[in-house]
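Scroll down for the structure; my scribbles are underneath it.
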Amino acid sequence: MDVKILMPKVNPKSFIDDYLQKMGIEYPQSYMDATRRNLEEPNRYLNIDTATHRLKQAIDNHERVGIIQDCDVDGVCSAVIAYQFLDSMMAEKPIVFFHTGKQHGIGDLLPQILNANLDLLIVPDASGKAEECKTLKDNGCDVIIADHHEYDFDSNPFAIIVNCKQQETTNQKASGALVMQKIVDRFYERYDGKKENDGGDLVGLSILSDSMSVLEIENRAYLNIMMRG
């Protein structure tokens, strides 16, 4: 195995700065001290205003809303962000659907979701096949997908998709929980006139658990928020 030596010489006094610069961090101290000021504006995300408008409709009309909890830590964090938001805004608590194993997305839960007679389903940290989303839409249930995985976005016109990989202007190393939090933040910006808690603890945990790159300064900022409050 060929090994590339990153730092032939190590200066103990400047090791952290030297190492970060070798990793491509131009301003190490600013990176280490990243704060909420380094969080991206939610309006960078494609379809995010469509998603928040649909959430506003669901809240105003007292609709039945469901959330799929994906099976890993990022999935749990994403679902908790969605649940806490909806629970604070709606009289009727959202219905949470749990996989029995390591399944992802809608597929195995489709019969349960249809039986629940939902008006809106939120799928954080996962996606859904076009035919699944069409089936739900045909049965009166809209779908919001909040995800960070690669996806053929043009293949599914039956869901509102908010994904960091839809365009290059967003954090390409975001976690599912980070994307879900952006939707919540944007909702408050548009409809509440304020910016609520940024979900730092849950987003930070999701970044660590999903091994997302912390070279992204926004990810570093969420870790600092998680550690420092």
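Assorted remarks:
- Placing dummy labels 7 Å off each Cα toward the beta-carbon, the span from GLN57 to ASP138 is 2.0 nm.
- Counting protein heavy atoms only, the stretch 70-229 has 51 percent of its accessible area on carbon and sulfur, 1.4 angstrom probe.
- Using the 1.4 Å probe convention, the accessible area of the chain works out to 52 Å² per residue with neighbouring protein chains retained.
- Kyte-Doolittle mean at least -0.5 and Cα axial length at least 30 Å: DSSP H helices in the chain: none
- Near GLN172, no amide H atom lies under 5 Å from its own; only residues 5 or more places off or on other chains count, and H is placed 1.01 Å from N.
- The phi-based Karplus calculation (6.51 cos²θ - 1.76 cosθ + 1.60; θ = phi - 60°) puts the 3J(HN,Hα) values of the stretch 103-111 at 6, 10, x, 8, x, 5, 9, 4, x Hz, whole numbers, x for Gly and Pro.
- The stretch 47-142: trypsin sites (Lys or Arg not before Pro) in DSSP coil with no more than 10 other Cβ atoms inside 10 Å: LYS102
- Selected from PRO111, ALA159, ALA126, residue furthest toward positive end of dipole (the chain; charges at beta carbon): ALA126
- Close amide H partners of ILE145, meaning residues 5 or more places away or on another chain with modelled amide H under 5 Å apart, are VAL123, ILE160, ILE161, VAL162.
- Given charges at Cβ of Lys, Arg, Asp, Glu: the chain dipole, positive-most of HIS99, VAL214, TYR19: TYR19
- For the stretch 1-102, the spread of Cα positions along the three principal axes, ordered from largest to smallest, is 63, 35, 23 Å.
- Computed 3J(HN,Hα) for the stretch 27-39, one whole-Hz value per residue from the Karplus formula 6.51 cos²θ - 1.76 cosθ + 1.60 where θ = phi - 60°, is 10, x, 5, 5, 5, 5, 9, 3, 10, 4, 5, 8, 7, glycine and proline marked x.
- Inverse of mean 1/r across different Cα pairs in the chain, Kirkwood, Å: 18.6
- Gain upon complete extension [SER211, LYS93; 0.36 nm per residue less C-alpha separation]: 39.3 nm
The values are calculated or read from the model by the stated rules, or taken from the named source; none is laboratory data. In this text the structure is predicted, and so the values were computed from the model without any measurement. Every residue, glycine among them, receives a Cβ derived from its backbone with ideal geometry; neighbour counts consider all protein chains shown. These accessible areas exclude ligands, DNA and RNA; they are computed on the full protein's heavy atoms, side chains included. Shrake-Rupley method; radii C 1.70, N 1.55, O 1.52, S 1.80 Å.
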